[in-house]
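Student: Quick one: the structure is below, questions incoming.
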């Protein structure tokens, strides 16, 4: 059950961080205004909060693993929000990152 909770928290953190960055991007680069930037800033704060709820208590481990989730999530966000189509090397790279997440977070430790 802890693994399921952890995965859900990683997904929530990814949505908050990537979504927050995207909102700031839209507000600044696409000239949608400061309301978008403000919403992005709030979402980024939500990311920081979601990361603290991970069952593992090691900050470095959680943030290192989250890096892999961020890579895969960013490609997925680009597909949904911007019509980006990853090529096979993008997909392979994301799978390698997610394998790293699994090793860092969920491999048995002695």
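The values are calculated or read from the model by the stated rules, or taken from the named source; none is laboratory data. Just so it is clear, the model here is predicted, and its values are computed rather than measured. Using ideal geometry, Cβ is built from the backbone for each residue, glycine included, and neighbour counts are taken over all protein chains shown.
Student: Would you say residue 3 is free of Cβ contacts under 8 Å to residues at least 12 places away in the same chain, on the phi < 0 side of the Ramachandran plot and assigned to a helix (DSSP H, G or I)?
Tutor: no
Student: Scan region 48-60 and tell me whether some residue there is surrounded by 13 or more Cβ atoms within 10 Å (Cβ to Cβ) and under 12 Å from the mean Cα position of the chain (by Cα).
Tutor: There is at least one residue in region 48-60 that is surrounded by 13 or more Cβ atoms within 10 Å (Cβ to Cβ) and under 12 Å from the mean Cα position of the chain (by Cα).
Student: From 16, 102, grab the single residue that is free of Cβ contacts under 8 Å to residues at least 60 places away in the same chain and touching a helix residue (DSSP H, G or I) at 6+ places or on another chain (Cβ under 8 Å).
Tutor: 16
Student: Got at least one residue in region 14-24 being at pLDDT 95 or above and either more than 15 Å from the chain's Cα centre (by Cα) or outside any helix (DSSP H, G or I) (or both)?
Tutor: Yes, region 14-24 has at least one match.
Student: Here's another thing I want to ask about it. When you go through 38, 60, 78 one by one, which is the residue that is closer than 15 Å to residue 15 by Cα and part of a helix (DSSP H, G or I)?
Tutor: Going through 38, 60, 78 in turn, just one is closer than 15 Å to residue 15 by Cα and part of a helix (DSSP H, G or I): 78.
Student: Another question, then. Would you tally the residues in region 83-110 being assigned to a helix (DSSP H, G or I) and surrounded by 10 or more Cβ atoms within 10 Å (Cβ to Cβ)?
Tutor: Going through region 83-110 one residue at a time, the tally reaches 17.
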